[in-house]
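The values are calculated or read from the model by the stated rules, or taken from the named source; none is laboratory data. What you see is a predicted model, and the numbers here were worked out from it, not measured in a lab. Please note: Cβ atoms are built from the backbone with ideal geometry, for glycine as well, and neighbour counts cover all protein chains shown.
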Amino acid sequence: MNARSESLSVHAAAAAGPGRVTLADIVGMAVFALRGNVLRSVLTALGVIIGIAAVIVMVSVGQGTQAELDRTISNLGSNRIEVWPGSGRGGGVRFGAGSVSSLDDGDVAAIRNEIAGVQYVAGQIRGAAQAVNAERNWNTQWVGVVADYFPTNGWEVAEGAGFSPRDYGGAAKVVLIGTSLRDKLFEGEDPIGRQIRLGRVPFTVVGVLKSKGQSGWGGDMDDVAMVPLETARRRLAGQMNLPPGSVTSISVGTARAEDLPRVEREIGDLLRQRHKIPPGGEDDFTVRNLTEIVSARTQTTRLMSLLLGAVATISLVVGGIGIMNIMLVSVTERIREIGLRMAVGAGPREIHLQFLAEAMLISLGGGVIGIALGIVGTLLTSRFGALPVALDWQVIALATGFSVATGLFFGFWPARKASRLEPIEALRHQG
Amino acid sequence: MGAPNVVEIQGLGKVYSPGTPAEVVALRGVDLVIARGEFVAIVGPSGSGKSTLMNLLGVLDAPSSGTYRCDGVDVAGLDAAGRARLRLTRIGFVFQGFNLLSRMTALDNVMLPLAYAGVPRRERAERARRALSEVGLAERAHHRPSELSGGQQQRVAIARALVNHPPILLADEPTGALDSRTGQEILALFQRLRLAGITVILITHDGAVADAADRVVRIQDGAIVADERRREAA
């Protein structure tokens, strides 16, 4: 008994100035509390799990769709209006084949000279032909083009010199080929300076076009051969029965996007006048503002992303309210524990931090599970949903931040309630 | 270290719900001085104000009037956080219902105040183990409260109260939930702690329990009615 008494008095005298509870201990306490009811913790986190998974999938799909649209827009070239002959693409029965050749060089020149704000005008004719290099051949699309065609449609020459002014004027038998056609005909050999035939006409390859990939409408844009417009008229368009000087479409580019609606309207007026179409008569051409169509699609996508974002936000808020709800229940259930912790020396700050840490761990844990589910969901969407997706670390960082913020925001009030309990009442609480 | 008197109370009063029809005067002008190393029993029937006095002594509540110096520290003017710090360093609590956390082992329960005191993690288990062996429970360190008898649980609670080396041990009906033989063992433990220099303040309604103390303070209707010293403090 004496020996023990001595050891006790030594300890009593050894009490040193106390420090503060560490953050690691607070987190440890929170983890311990959550492990006490794993099922409840997971169920509480369910709202955040679903919310975060939804955020990940939606942002990924939204960004993927946006990226594809951006690519389509850049492939489109400048602010672009396209004019086709005939009124009914697909409804051509009414006007028949006679309307096909309604556009010509005169229309192109008139658009260039009479409409303000037009930067490029290009008339072209299109057709299909068998391209042949020795024993390799491939059925491809050819386009007879003028110099303005390239900037208007966003084409660039990647290799080789391209067409010179003399090529256009002299109807030279030169050709620019797309990367897909190059791969079919040359299979890795250098095509520059080589001869190919389109139909029976030999051409010299003077360049390879920069790849544009898939078009927004699904076709391979790189499966193409371009020749000067005059060359096409004289050498390739023989069986098409085109009147002299006619073109099968006109591309118009404006310097400023805001000019597009006006220029579109003025082209219509100009061509009706030139083609002598009476007021109320049916046009023998179609004017399409392609940029507008794409930007309408972009806006649709934006709206969809916004809507999906709203759904994700709502599910996060609902998840957060679920956390707040359960944390309030937890505080009430654990009043005696809180009282005891206060009696042994925990202050309001320590109690507040512990319950805040519990709420944050629930929502952060939910966030981590949600991110995993979201990544799986995104991959499944891209594989089976045929939707373009773009998954990047920023989305994941954003989702993690959201889940922490959810826990902080919705855990604050229950934690504050716990920290403001009176120690005596908490200790005496019956429950 | 510290003041010679661990408790210095002057004119201490406590009024609940002041200025309302539900106003209750629980303590009216109590003076009390307790020296370091005393074993004092505060005795009174229920409603006498002894629980209020216990709450004030334990710095769980703030007085309405009067002054209280706890181990030399004036309690007036401390906020909730300041009172918590004072409890952490100066007072160990022992309750009638033990108030152990049921999911934690005895050792973890004893380690709890060490975490709030910021004691480095590796020191905690060692100090908690020593505190447990001081109350004779070294071999039960890894048992949960539900695997311990009432007397053993109360010893764990005492170890927890002592682990931060507070000068004051405040016990509220510590034998109330125990049979009389186990209760006597707990009281004997208090006497030993008193010999080790710890001030033990025991709050009880039971005169037989109070007999274990060196000094008995009787309280009735919110005032001290008797203060008898039975033995000299060690």
Identify all residues within region A:219-275 that are β-branched (Val, Ile, Thr) and under 39 Å from the mean Cα position of the chain (by Cα); write none if there are none.
A:VAL224, A:VAL227, A:VAL247, A:THR248, A:ILE250, A:VAL252, A:THR254, A:VAL263, A:ILE267
Would you be able to tell me the number of residues in region A:289-343 that are in contact with a strand residue (DSSP E or B) (Cβ under 9 Å, 6 or more places away or on another chain), hydrophobic (A, V, I, L, M, F, W, C) and more than 30 Å from A:GLU422 (Cβ to Cβ)?
1
Of those in region B:197-213 that are within 16 Å of the chain's Cα centre (by Cα) and of a type outside the set (Val, Ile, Thr), the residue nearest to the other protein chains (Cβ to nearest Cβ) is B:GLY197
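Being hydrophobic (A, V, I, L, M, F, W, C) and part of a helix (DSSP H, G or I) is the filter; apply it to region A:382-400 and report the residue that is nearest to the chain's Cα centre (by Cα). Show your work before the answer.
Taking region A:382-400 first, the residues hydrophobic (A, V, I, L, M, F, W, C) are A:384, A:386-387, A:389-391, A:393, A:395-399.
Of the ones still in play, those that are also part of a helix (DSSP H, G or I) are A:384, A:393, A:395-399.
On the way: A:PHE384: 18, A:TRP393: 15, A:VAL395: 13, A:ILE396: 16, A:ALA397: 18, A:LEU398: 17, A:ALA399: 18 Å.
Per the criteria, the residue is A:VAL395.
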Restricting attention to region B:120-135, which residues are free of Cβ contacts under 8 Å to residues at least 24 places away in the same chain and crowded, with 20+ Cβ neighbours inside 10 Å?
B:ARG124
Could you identify the single residue in A:LYS212, A:LYS276 that is in a loop (DSSP other than H, G, I, E, B) and buried (at least 19 other Cβ atoms within 10 Å of the Cβ)?
A:LYS212
Got a sec? Which helices (runs of 4 or more DSSP H) wholly within region B:6-121 have at least 2 residues that are more than 9 Å from chain A (Cβ to nearest Cβ)?
B:50-57, B:106-116
Note down all Cβ pairs under 6 Å where the first residue falls in region A:176-198 and is touching a residue at least 12 places away in the same chain (Cβ under 8 Å) and on the phi < 0 side of the Ramachandran plot, the second is surrounded by fewer than 18 Cβ atoms within 10 Å (Cβ to Cβ) and assigned to a loop (DSSP other than H, G, I, E, B), and they're at least six residues apart or on different chains.
A:THR179/A:SER211
When the residues of region B:175-196 are filtered to those that are within 25 Å of B:THR89 (Cα to Cα) and in a loop (DSSP other than H, G, I, E, B), which remaining residue is nearest to the other protein chains (Cβ to nearest Cβ)?
B:ALA196
Here are A:GLY245, A:GLY281: which of them is under 25 Å from A:GLY169 (Cβ atoms) and at pLDDT below 90?
A:GLY245
Is there a residue in region B:220-234 that is over 19 Å from B:ILE91 (Cα atoms) and within 10 Å of another protein chain (Cβ to nearest Cβ)?
yes
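Answer yes or no: is there a residue in region B:161-169 that is among the polar types (S, T, N, Q), assigned to a strand (DSSP E or B) and in contact (Cβ under 8 Å) with a residue 40 or more places away in the chain. Even if it seems obvious, please write down each step before you answer.
Of region B:161-169, the ones among the polar types (S, T, N, Q) are B:164.
Next, from what is left, pick out any that are assigned to a strand (DSSP E or B): none.
Checking region B:161-169: not a single residue is among the polar types (S, T, N, Q), assigned to a strand (DSSP E or B) and in contact (Cβ under 8 Å) with a residue 40 or more places away in the chain.
For every residue, the table says whether it meets (1) among the acidic types (Asp, Glu); (2) surrounded by fewer than 16 Cβ atoms within 10 Å (Cβ to Cβ); (3) closer than 21 Å to B:ALA81 by Cβ.
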residue	(1), (2), (3)
A:THR332	no, yes, no
A:ALA346	no, no, yes
A:ILE362	no, no, no
A:GLY374	no, no, no
A:LEU380	no, yes, no
